[in-house]
Amino acid sequence: MRLHYLLLLPVCAIFSAQAQTQPWQGKFEPIDNMIAPPNSYRTASGAPGREYWQQRADYKIKAEIDEKTNILTGEETITYYNNSPDDLTYLWLQLEQNVNKKENPDFGDVRGGVSDGMNSRQMQFLTRPIEFPAGYSIKYIKDTSGNTLKALVNNTMMKVMLNTPLKSGESLTFSLGWSYPITDRSMFLLSREGYEYFPEDDNTIYLIAHWFPRMAVYNDTEGWQNQQFRRLGEFALEFGDYDVEITVPEDHIVAATGELQNSESVLTKTQRQRLDQAKKSFDKPVLILTQEEAAKNKKTKSTKTKTWKFHAENVRDFSFASSRKFIWDAQAVKLPTNTVMAMSYFPEEGLPVWEEESTKAIKNALEVYSEATFDYPYPVAISVNTSNIGMEFPMISFNGGRPKNGKMSDGAKKGMIGTIVHEVGHNWFPMIVSSDERKWMWMDEGLNTFIHQRTIEERYPQFSHTTPKSIVPFMSGDKNILRPIMTTSDNELFSQFGSNFYIKPTVGLQMLRESIIGKELFDQAFKEYANRWKYKHPNPGDLFRTLEDATATDLDWFFRGWFFTVDHVDMELSNVKWYKVYEENLNIEDQQKKKTVKIEGESAAENPKDFSNGPEVITMTDTPDNAYGGFLSRLDETEMRKQLQGKNIYEITIKNVGGLVMPVTIEWVYTDGTTEIDKLPADIWRLNEYEVTKTFLKDKEVSTVNLDPNFEFADTDMSNNSFPKTETKSDFDSFKEKKTQK
């Protein structure tokens, strides 16, 4: 389009008044160069492309726990499907148990090294003076003909060399035999699995996870997943079907991924009847195994064994728990397209809170997450009590929180319930919407925490939940050590990964939902992302593109600032000017009053501290003909003056001190006590990333102006958000005042 030169000059003059005088940072530039470009596998809309592919692995596993030696022995057969366009000459498997070997880094020194006073457990974390074996013993790897396959182990990864290449579109089957010593969870910091020993009754709860050699991901964006397991970056796995046989002491109860296939062999007739009853109980849990029955189990210490058989379809992992200490309850949860059995397993140490709250929390999570994304597709959802932390797997999670002497504080109960909701929620992110936790921890933890906090807000209103204010202390921190959210999992400081990978993405999504896009449109877009990528492997770019595609909103400015930088939000209301238009027809007395409120002196008009000087008077003249350019129509000057008569014009100047651009919410408090809200989009910062000036016409006189009155945007300094300005006492003045009061 061509503009007439004479018209262009005044336009340039208008914009030059607000020209940015500091370096341009491109805050509204596209993020195309920061994420992988679209292709036939992943489209520009954020959806899987017409040629999208992913690998698959089916497992048949037989495993046995030796309670005397705490050794887990297993044999497995893997059928691996090469759906990629590439021929493969080798395969990579994950060997997570090798992370427990002493030479691997642990988290013993994350809270500092040696100090003058240390308890024995802290010293164990730090120096590992008590030695114990750890890691896999691989007994064999063979193809279907019984030929040995050569393998090379690189710490927690194992490379299996194929005798003949696995061609695109083909599959192969091979088998492995292995064993490893199950670790004592109390001897590791941040232990996600292993056994917990109870000295009082000489019994053990086994939480078995990261337990069998598993196929690593091979995908279109990086080929073979190649990041070692270091405990924080957890999962990157393929989907498949599982048939698993677990042999344990005869008096143990097993909770596992999948559906139990041989209940007649491992459950009593009474337990099976109770389980049938639970399948029809939608209002409260039914005890499948009571406290009294668990107490009896603990005393038997059977030396015989029995085998539990489970089948799971289209999951990316398998986990289980086993103990004779378990109490077990179950309840049916009706979803629009599926009925799920919510079940809890816990020792008597969890009573009474676990019986009261665990299965209820599962039910609440299933209902809220299903509404926000898609119905939970699996037949069971299990919560197993453990001494600490929370850890998720398909259909089952290990969750901390135990009462002391049967009692639990409100804060501890909130933490326990929140843990259960969170870990059950991981069934969606990343167990079904299968992002790569080894690389992008925030994609599972952040998105999951977002819906987890929504569940707490809706189902547990008595508990506090995450809001934009929650992230302010972190975003106000030292920029020299802060990392962007778009940092890979193992590169974040241990002290900060909770804030950066859980809370900050949650707050960002809350902002998009509540204040930038709007609930209805955002919820549709978020559901679109979940449904596009369920049972698939999304990357960050797929999420970003889908949210833009499904809302028709350019959000690159938000993703750039919130996810790729450590900028923070600090909007300063630096100036407010009050004007009224000079009214020629006022009588002499009123005109005299008008003149007395006119601001005297340039400095007072430029930087007023309040409204006490009254408005500055504007003399408005008629528009000359040449100002209209080629337009023949003219403003109705009389009508315009009439519309401005008695009105108040407020010009506000806002500075972007923190660097992170955001929409601006303005609250006007009028002299009659009423209030009004104006909202400005983030686009106001496009032409000047540091300072903007906006003008408003108001019927009433204003007493106070506030920015972000409802704290929607995590502003790190609210002291500069209001006008009239308030004087902040210096530390010295506050000190003097305290001394005087004494």
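The values are calculated or read from the model by the stated rules, or taken from the named source; none is laboratory data. Small disclaimer: the values here were computed from a predicted structure and weren't measured. When we count neighbours, we look across all protein chains shown, and the Cβ atoms used for this are built from the backbone with ideal geometry, even at glycine. For the accessible areas, the whole protein counts, side chains as well, though only heavy atoms, and no ligand, DNA or RNA atoms are used. Shrake-Rupley method; radii C 1.70, N 1.55, O 1.52, S 1.80 Å.
What the table shows:
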{"read-out": "Accessible area in square angstrom per residue, segment 236-280, 1.4 angstrom probe", "value": "42"}
{"read-out": "Added length on full extension, which subtracts the Cα-Cα distance from 0.36 nm per residue, residue 34 to residue 700", "value": "235.0 nm"}
{"read-out": "Rounded tilt (10° steps) of 731-741 against the dominant C-alpha axis of the chain", "value": "90"}
{"read-out": "For residue 721, net neighbour charge (Lys/Arg +1, Asp/Glu -1) across residues whose Cβ lies under 14 Å away", "value": "-4"}
{"read-out": "Note, ³J(HN,Hα) from phi for segment 621-630, Karplus 6.51, -1.76, 1.60, rounded to Hz, x at Gly and Pro", "value": "9, 5, 6, x, 4, 5, 6, 7, x, x"}
{"read-out": "Distance between modelled label sites at residue 86 and residue 655, nm, 7 Å Cα→Cβ extension", "value": "5.3"}
{"read-out": "Neighbour-limited loop hits for chymotrypsin sites (Phe, Trp or Tyr not before Pro), segment 246-315 (at most 14 other Cβ within 10 Å; DSSP other than H, G, I, E, B)", "value": "282"}
{"read-out": "Shape of segment 485-535, Cα gyration tensor, a/c cut at 1.5", "value": "oblate"}
{"read-out": "Accessible carbon and sulfur surface of segment 285-334 relative to its total accessible area, %, 1.4 Å", "value": "49"}
{"read-out": "Share of carbon and sulfur in the accessible heavy-atom surface of segment 434-492 [1.4 Å probe, %]", "value": "49"}
{"read-out": "Derived scalar couplings ³J(HN,Hα) [segment 299-313; Karplus, 6.51 cos²θ - 1.76 cosθ + 1.60; whole Hz; x for Gly, Pro]", "value": "7, 6, 6, 5, 9, 7, 10, 8, 10, 9, 10, 10, 10, 9, 10"}
{"read-out": "Förster radius 41 Å - calculated FRET efficiency between residue 464 and residue 613 (Cβ-Cβ, nearest 0.05)", "value": "0.40"}
{"read-out": "Length-normalised contact order of segment 277-424 in % [C-alpha pairs under 8 Å, at least 6 apart]", "value": "22"}
{"read-out": "Net charge, residue 258 excluded, C-beta distance under 14 Å - Lys, Arg +1, Asp, Glu -1", "value": "-4"}
{"read-out": "Surface accessible to a 1.4 Å probe, per residue, for the residues of segment 74-180, Å²", "value": "52"}
{"read-out": "Per residue, in Å², the accessible surface of segment 537-578 once ligands and nucleic acids are set aside, probe 1.4 Å", "value": "23"}
{"read-out": "Mean projected area in nm² (Cα convex hull; one quarter of hull surface) for the chain", "value": "43.9"}
{"read-out": "Cβ charges +1 (Lys, Arg) and -1 (Asp, Glu), total dipole of segment 206-325, debye", "value": "920"}
{"read-out": "23 Å tail of the calculated P(r), segment 402-547, as % of Cα pairs", "value": "39"}
{"read-out": "Helix 269-278 axis, angle to the chain major axis (alpha carbon atoms, nearest 10°)", "value": "20"}
{"read-out": "With Cα atoms, 0 to 90° folded angle of helix 441-459 axis to the chain main axis", "value": "80"}
{"read-out": "Considering only segment 288-398, percent of DSSP beta bridges that pair antiparallel, nearest 5", "value": "60"}
{"read-out": "Of all accessible heavy-atom area on segment 166-250, the percent that carbon and sulfur account for (1.4 Å)", "value": "41"}
{"read-out": "Total formal charge among the other residues, if their Cβ is under 14 angstrom from that of residue 86, Lys/Arg +1 and Asp/Glu -1", "value": "-4"}
{"read-out": "Segment residue 261-residue 678, length gained on full extension (0.36 nm per residue, minus Cα span)", "value": "144.0 nm"}
{"read-out": "Peptides ranked, highest mean first, by Cβ atoms within 10 Å: ranges 559-568, 151-160", "value": "559-568, 151-160"}
{"read-out": "Structure-based [θ]222 nm, the chain - -39500 (n - 2.57) summed over DSSP H runs of at least 4, per residue, nearest 500", "value": "-7000 deg cm²/dmol"}
{"read-out": "Alpha-carbon centroid distance for the pair segment 647-692 / segment 90-127, whole angstrom", "value": "51"}
{"read-out": "Per residue Cα convex hull volume in Å³ - calculated over segment 513-557", "value": "62"}
{"read-out": "Hz values of 3J(HN,Hα) by residue in segment 343-349 - Karplus curve (6.51, -1.76, 1.60), Gly and Pro given as x", "value": "9, 10, 10, 7, x, 4, 4"}
